[in-house]
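Structure first, commentary second.
The values are calculated or read from the model by the stated rules, or taken from the named source; none is laboratory data. Quick caveat, the model's predicted, so the values are computed rather than measured. Note: ideal-geometry Cβ built from the backbone for every residue, glycine included; neighbour counts use all protein chains shown. Please note that ligands, DNA and RNA were not included when accessible areas were found on the heavy atoms of the full protein model with its side chains. Shrake-Rupley method; radii C 1.70, N 1.55, O 1.52, S 1.80 Å.
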Amino acid sequence: MATRWFHWLDERLGLSGVFDTVLDRKVPKVGWAFTLGSATLFLAVVQAATGIFLTAYYVPHPDQAYESINYIMNDVAFGWLIRGIHHWGASLMVITVFLHMLRTFWYGSYKYPREVTWITGVFLLLVTLGMGFTGYLLPWNQRAYWATTVGTSITETIPFIGPFINNALRGGSDLSTLTLVRFFSAHIWMLPAALFGLIGVHIYLVIRLGISHVPDEDE
């Protein structure tokens, strides 16, 4: 029965072709360092899953944000575990993205014909850092408040457009309810959309161009 259903779907969806293209392809002899991309993808999925759970209880308002975090940590079943995974997973994801790019640079995998793959990886690193920055403010405690104050103030050093960027991030001259709402919106909608869109392009390029091999001594 299962085989018959598979053949029925395969004739209409081309599942065998998808499998052959994505999974059943030759891969050069590589080491553990080449698994950093897959590890980062796994962490991105974990972050998305745990983040969806947290948004069911988090309240993006200065008067309730900190209390909602305490409620998740102390009253929601396994809430402390979900938030812990999300918190430490963010730091681990930044590390794996950085190490993945460092490995790519070290082995020269950014060269022809994989320049666009490298460029999408750079944007993925920037988006990952942006998600970490916007998520840091959400607990709305003293550490998050003043760290975000310092972080957004750095943008004022940019010539000509610095003050505009600072006001756009904060929604005014100081951190307020609007700042928290903007960071929350960017953290759960704008940046994840950019992240998974770039991941899709990145994976497509990896599948199309293949994985680069470890360079020989004369390369």
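A compact table of results
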read-out	value
Added length on full extension, which subtracts the Cα-Cα distance from 0.36 nm per residue, Val116 to Ser185	22.0 nm
Apportionment of accessible area to carbon and sulfur, the chain, percent (1.4 Å)	70
Region 28-78 - accessible surface per residue (Å², probe 1.4 Å)	62
Peptides 124-133, 159-168, 18-27 ordered by average Cβ neighbours within 10 Å, highest first	124-133, 159-168, 18-27
For region 10-89 versus region 141-197, the gap between their alpha-carbon centres in whole angstrom	24
Degrees separating the helix 65-74 axis from the principal Cα axis of the chain, which is the longest one	60
